[in-house]
Amino acid sequence: MHGLEDASMNKKMLGYWAFTGLTAFAMAGGGLMNASRSPEIVASYASLGYPDYMPVLIGVWKVLAAVALLAPGFARIKEWAYAGIGFAMTGAFISHVVVGDPAAKAVPPLFVLAFAIGSYVLRPASRRLDAPAPEPRRAEALTDAVPSRA
């Protein structure tokens, strides 16, 4: 029975890293493209009605989200990164729909959102905000180490 649990955990961990890798790749790649302010990116944001500074702002936040997802620890920052990805991807989808862009432009952010949801759902306990805290050191253990003066 123990072997089945190990196989299940390995599949879950593989799924987590696959979704996390895809999410981080999409966020970092898209973020770097946004931050480059290429004419195509600036024109795309302008067509959605966003100001000129928006690609750089969103680009930097996307790269930071990718770093947060991949870095060990920092569970609270990961929670914020997942939330930011959710806001950014739903906002991108809605922005494209509102201006009448075709599905080929509107739907891709939903794929990135799906990857992020997969990563969030499959993340291991060590990457969760509610992860158990390490055992606090007992006071007796500290006093045992200090020689008494009596």
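The values are calculated or read from the model by the stated rules, or taken from the named source; none is laboratory data. If you're wondering where the values come from, they're calculated on a predicted model, not measured in any experiment. No Cβ is skipped: glycine too gets one built from the backbone with ideal geometry, and neighbour counts run over all protein chains shown.
Some notes on this structure:
- Scanning segment 96-108 finds no residues that are surrounded by 10 or more Cβ atoms within 10 Å (Cβ to Cβ) and either of a type in the set (Phe, Trp, Tyr) or at pLDDT below 65 (or both).
- Number of residues in segment 64-97 that are within 16 Å of GLY49 (Cα to Cα) and in contact (Cβ under 8 Å) with a residue 24 or more places away in the chain equals 3.
- Subset of segment 64-81 [surrounded by fewer than 19 Cβ atoms within 10 Å (Cβ to Cβ) and in a helix (DSSP H, G or I)]: LEU64, VAL67, LEU70, ALA75, ARG76, ILE77, GLU79, TRP80
- In segment 83-95, residue surrounded by the fewest Cβ atoms within 10 Å (Cβ to Cβ) [restricted to those that are in contact with a Leu (Cβ under 8 Å, 6 or more places away or on another chain) and not aliphatic (A, V, I, L, M)]: THR90
- Hits in segment 58-84 (condition: aliphatic (A, V, I, L, M) and either more than 15 Å from LEU32 (Cα to Cα) or more than 11 Å from the chain's Cα centre (by Cα) (or both)): ILE58, VAL60, ALA68, LEU69, LEU70, ALA71, ALA75, ILE77, ALA81, ALA83
- Contact annotation: no residue pair with Cβ atoms under 8 Å, 6 or more positions apart or on different chains, pairs a residue in segment 110-126 that is modelled with pLDDT of 95 or more with a partner that is loosely packed, with under 13 Cβ neighbours inside 10 Å and not in a helix (DSSP H, G or I).
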